[in-house]
Amino acid sequence: MNQLWDQIITNTYTLKSLKNRLRILRDYLTKQQFTNGVQDQDEKLTDEAQWINSLGKDFLAKFNQHNIYSLLDEMESETSKQEPLTIFLAFELPNEEISKLGSWIRVNFGQKYLMLDIKYDPSLIGGCALTWKGIYHDYSVKKKIEDNKQQVLESFKTYLR
Amino acid sequence: MDFILPPILAAFGVTFTLLFIRERKLRQKVAGQSSKEIEENRQKGYQFLHQAIKKSQEILSLSETESIKLISESKANVGKIEEEHKAQLAQYVKQYESMLSQTFTQANQAISSSIQTFSSFVKDLEKNSVELEETNQQAAQQRIEKMLDQLETRLSDFLLESEQKTTGSIELELQSVRQLIESYKQQQFKLIDENIVAMMERTMALVLGKRLSLKDQLDLIYESLEKAKMEKFVA
């Protein structure tokens, strides 16, 4: 199961995406194992379905009618155990940038399977704020302005005089 | 004496009548006795009767005499007593008159003495009251002057004290108002500062959110993440 889990999580960076992918995987595998209708739906494949194909035939071959539910249940259980890094952004990132960002964070923060929980807060102006294990820290432009409020005001007042 | 005679006469009359009736009854009773004896008895009876009548006439005349005598004596006594009474009464009247005149004289003297005493008392009283009035007036005047002095002193003290208090309270009030104004000013400045910052933030959020390119935004995000990495926020 660990091997399967590693394969899934390696290129899945957000908690939302992980849950979505597991749901699609469950749907796909159930249909594959118990019906013949998968081929019909291949035409409607989305990005997530493409992700399933990217997992390879060896990955899919490890599921059979006997272990499919137990393996999927274990994966979902593992998902619920994940503690995500909540990241507040001022704007909505494209999917490819989310992947880059997730990858960057995993490498730079030294957390191989770190999942992101992305939230949007336009009041941050720019940059981001983070919440990790219940601790919030603001690294945004808004916070920078707040921190330099006095200097900003002083410079403002020079114009007022 | 006038009251004694008629009862005596009446007593005799009754006695005579009773004897007569007795005799007559005896005659009727002894009618059957002998005429001699009757005659004798009749003679005796006549004698007795004659003697009784004679005796009664004597008694009657005596009693009349006595009664007349008594009446005359009593009349004489009454006149004498009346005269004595008159004399005594006159004497009493005289005594009373002298006593009354004496009493009147004494009363007059007492009244005149009382009037004199009263008038002197009234004069003294008047004099005393005048003196007392003067004394009271002087005392009252002194007291009023003293009170006025005290009042003046107290009033000046009070005015001075109130002036000091008023000045102090005004100064305190002024200080408080100045502090209030200063506090209000600071609050307003703080509010203005906050508003300026909020305006700036809002403006930046509105303007930069649209103006910043994706690359700029990503640069800012990675810059923030670099900082978090430096701080070892995710450990």
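Take B:Glu194 and A:Lys81, extend 7 Å from each Cα along the Cα→Cβ direction, and tell me the distance between the two endpoints in nm.
Spacing of the two 7 Å Cα→Cβ label points: 4.7 nm.
Label 7 Å along Cα→Cβ of A:Gln65; the range A:11-32 residues with amide nitrogen under 19 Å?
Only A:26-32 fall inside the zone, counting backbone N under 19 Å.
Could you give the length gained on full extension between B:Arg211 and B:Gln187, defined as 0.36 nm per residue of separation minus the Cα-Cα distance, in nm?
5.2 nm
Shielding by partners for A:123-133, please: the mean number of other protein chain Cβ atoms within 10 Å of each residue's Cβ.
If you average over the peptide's residues, the count of other-chain Cβ atoms is 6.
Which value in nm describes the separation of the simple spin-label points at A:Asp58 and B:Glu231, placed 7 Å from the Cα toward the beta carbon?
My value for the distance between the label points is 4.3 nm.
Looking only at other chains, what is the average number of their beta-carbon atoms within 10 angstrom of each beta-carbon in B:16-26?
Across B:16-26, the average partner-chain Cβ count within 10 Å equals 0.
Placing one identical point scatterer on every Cα of the range B:93-154 and ignoring solvent, what is log10 I(q)/I(0) from the Debye formula at q = 0.16, 0.22 Å⁻¹?
Result of the Debye calculation: -0.71, -0.87.
Determine the equivalent ellipsoid of chain B by diagonalising the alpha-carbon gyration tensor, then write out the semi-axes as square roots of 5 times the eigenvalues, largest first, rounded to whole Å.
Listed largest to smallest, the semi-axes of chain B are 163, 50, 11 Å.
If the elastic network links every pair of Cα atoms under 10 Å, which of B:Glu161, B:Glu194, B:Glu131 fluctuates the most in the Gaussian network model of chain B?
Of B:Glu161, B:Glu194, B:Glu131, the Gaussian network model singles out B:Glu194 as fluctuating most.
Count, for each residue of B:193-200, the Cβ atoms from other chains sitting within 10 Å of its Cβ, then give me the mean as a whole number.
4
Mind scanning A:Lys16/A:Lys142; A:Lys100/B:Lys232; A:Lys100/B:Lys190; B:Lys25/B:Lys69 and naming the pairs with a C-alpha gap bigger than 32 Å?
The answer is A:Lys100/B:Lys190; B:Lys25/B:Lys69.
Would you list, by chain and number, the lysines whose Cα falls below 17 Å from the Cα of B:Lys54, excluding same-chain residues fewer than 8 positions away?
B:Lys44
Give me the number: length gained by fully extending B:Gln102 to B:Leu18, i.e. 0.36 nm times residue separation minus the C-alpha to C-alpha distance, one decimal in nm.
Length difference between fully extended and current span is 23.1 nm.
Principal axes first, then extents: for the Cα atoms of the protein assembly as shown, list largest minus smallest coordinate on each axis, whole Å, largest first.
222, 95, 33
Starting from the Cα-Cα distance between B:Leu180 and B:Lys44, subtract it from 0.36 nm times their residue separation and give me the gain in nm to one decimal.
Result: 32.1 nm gained on full extension.
So how tilted is helix B:5-29 from the main axis of chain B? Cα-based, degrees 0 to 90, rounded to 10.
Result, in degrees: 60.
Tally Lys/Arg at +1 and Asp/Glu at -1 over every other residue whose Cβ is under 14 Å from the Cβ of B:Gln43; what's the total?
Result for the local shell: 0.
Applying 1/(1 + (r/R0)^6) with R0 = 25 Å to the Cβ-Cβ distance of B:Ile81 and B:Leu9, what FRET efficiency is obtained, to the nearest 0.05?
Result of the calculation: an efficiency of 0.35.
Given labels modelled 7 Å from the Cα in the Cβ direction, how far is it in nm from A:Trp104 to A:Asp27?
Rounded to a tenth, the inter-label distance reads 3.2 nm.
Nearest 5 is fine: what % of DSSP beta bridges in the protein assembly as shown come out antiparallel, could you say?
Restricted to the protein assembly as shown, the bridges split so that about 55 percent are antiparallel.
None of the figures in this text is laboratory data; all of them are computed from the coordinates on show. The structure presented is a predicted model; accordingly, all values stated were derived computationally and were not measured. Here Cβ is always computed from backbone atoms with ideal geometry, including for glycine, and neighbour counts include all displayed protein chains.
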